[in-house]
Amino acid sequence: MSKLPQRVSIVEVGPRDGLQNEAVKLDAAIKAKLVEKLAEAGLKRIETGSFVSPKWVPQMADSDKVFELVNRRDDVNYSALTPNMRGFEGAVAAKADEVAIFGAASQTFSQKNINCSIEESLERFAPVCAAARDANMPVRGYVSCVLGCPYEGDIAPQQVADVAAKMLEMGCYEISLGDTIGTGTPVKTAQMLEAVLSKVPADKLAVHFHDTYGQALVNIYVALTLGVRVIDSALAGLGGCPYAKGASGNVATEDVLYMLNGMHIETGVDMSSLLKASAFISEHLQRKPASKAANALLS
């Protein structure tokens, strides 16, 4: 067995990437309370909101209010997604701790998602990275469709490596590799990561898996054996992708935590507190968590 890490950092993306694709619209106060409950559970990196056009992502239209309402902890990083300078300015005004930009490894997905080519998207992000650097604000990069695209099918690993390398060069301190439609399998995950690792160090990478075909946890395990130490996940398996038909939610934080606990890998996250947060948001969304661990432990 390859050497596994002693500790892993979990990036909780439920309040943004999860809730933006849920049908039930929640008040800013409920979103803020969710963020606080996640922090109480020990999560130190929480994607709190998104400063994108409300025309495209109406669920995130009140992100400024969410940031305002959250009772923040000094040891927690509250981040925001920012596609352009207008979004960056909104994040600065809301006092976000860091911002994230998002690209894709698929040309067609990039066009469908943000209406421009991969190259054009990177050009758009350049001023955001420059402004963030001037403001001493960290920038995280997301790459979508690293293991498959709803329009193009398989994606060449080298294509993912090229986009990740360009984001690193632009100033992103960390690149999150996203299996947006959840089609990745362990061998494909290993091949993609090996290509990326030839250009980007493991300590600059994170993985972001959707669990459409039930492959997320085993793909995360593969990433851990290859040196990745940061995992994105969403409480209760929240979310999906409006541009990817059939794409179910992100891998559930509870399921990731259960696996890591069973492997004696430290996270600093308390399962009982996390389950309370899961029950809280699931009640407001009027459905059970899409997490096997949560459903088993809460029953």
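The values are calculated or read from the model by the stated rules, or taken from the named source; none is laboratory data. Here the structure is a predicted model, which means the values were calculated and not measured. Cβ sites come from the backbone with ideal geometry, for glycine too, and all protein chains shown count toward neighbours.
Miscellaneous remarks
- Scanning the stretch 261-299 for residues that are touching a Leu at 6+ places or on another chain (Cβ under 9 Å), outside any loop (DSSP other than H, G, I, E, B) and either under 15 Å from Leu224 (Cα atoms) or of a type in the set (Lys, Arg) (or both) yields one hit, Glu266.
So that you can scan it fast, the table gives a plain yes or no per residue for (1) free of Cβ contacts under 8 Å to residues at least 60 places away in the same chain; (2) within 24 Å of Tyr173 (Cα to Cα):
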residue	(1), (2)
Val200	yes, yes
Ile220	yes, yes
Val228	yes, yes
Glu266	no, yes
Leu274	no, no
Ala277	no, no
Phe280	no, no
Ser291	yes, no
Leu298	yes, no
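- Test result for Ala100, buried (at least 24 other Cβ atoms within 10 Å of the Cβ) and either over 23 Å from Val11 (Cα atoms) or not basic (Lys, Arg) (or both): yes
- Among (1) in contact with a strand residue (DSSP E or B) (Cβ under 9 Å, 6 or more places away or on another chain); (2) surrounded by fewer than 24 Cβ atoms within 10 Å (Cβ to Cβ); (3) at pLDDT below 95; (4) not small (Gly, Ala, Ser) - the single one Tyr151 does not satisfy: (1)
- Val66 being of a type in the set (A, V, I, L, M), surrounded by 23 or more Cβ atoms within 10 Å (Cβ to Cβ), modelled with pLDDT of 95 or more and not in a helix (DSSP H, G or I): no
- Residue match in the stretch 123-140 (condition: crowded, with 17+ Cβ neighbours inside 10 Å, modelled with pLDDT of 95 or more and within 22 Å of Met192 (Cβ to Cβ)): yes
- Selected residue [of a type outside the set (A, V, I, L, M) and in a loop (DSSP other than H, G, I, E, B)] from Arg72, Arg16: Arg72
- Cross-chain or 6+ apart pairs with Cβ under 6 Å, the stretch 65-94 first and on the phi < 0 side of the Ramachandran plot and among the hydroxyl-bearing types (Ser, Thr, Tyr), then surrounded by fewer than 23 Cβ atoms within 10 Å (Cβ to Cβ) and modelled with pLDDT of 95 or more: Tyr78/Asp97; Ser79/Glu98
- Test result for Val99, under 29 Å from Leu69 (Cα atoms), in a helix (DSSP H, G or I) and β-branched (Val, Ile, Thr): no
- Looking across Arg86, Arg133, one residue alone is within 20 Å of Gln20 (Cβ to Cβ) and in a helix (DSSP H, G or I). It is Arg86.
- Selected residue [small (Gly, Ala, Ser), over 19 Å from Thr82 (Cα atoms) and crowded, with 16+ Cβ neighbours inside 10 Å] from Gly171, Gly184: Gly184
- Pairs are defined by a Cβ separation below 6 Å, a sequence spacing of at least 6 or placement on different chains, a first member in the stretch 128-148 that is polar (S, T, N, Q), and a second member that is in a loop (DSSP other than H, G, I, E, B); the pairs so defined are Ser144/Thr180.
- With respect to (1) in contact with a Pro (Cβ under 7 Å, 6 or more places away or on another chain); (2) buried (at least 16 other Cβ atoms within 10 Å of the Cβ); (3) not in a loop (DSSP other than H, G, I, E, B), the lone exception for Thr189 is condition (1).
- Remark: pairs (first residue in the stretch 4-15, surrounded by fewer than 24 Cβ atoms within 10 Å (Cβ to Cβ); second residue of a type in the set (Phe, Trp, Tyr); Cβ separation under 9 Å; 6+ apart in sequence or on different chains) = Leu4/Tyr221.
- Of Ser291, Ser272, Ser299, all but one fail to be surrounded by 16 or more Cβ atoms within 10 Å (Cβ to Cβ) and hydroxyl-bearing (Ser, Thr, Tyr); the exception is Ser291.
- Scanning the stretch 251-299 for residues that are touching a Ser or Thr at 6+ places or on another chain (Cβ under 6 Å) and polar (S, T, N, Q) yields a single hit, Thr253.
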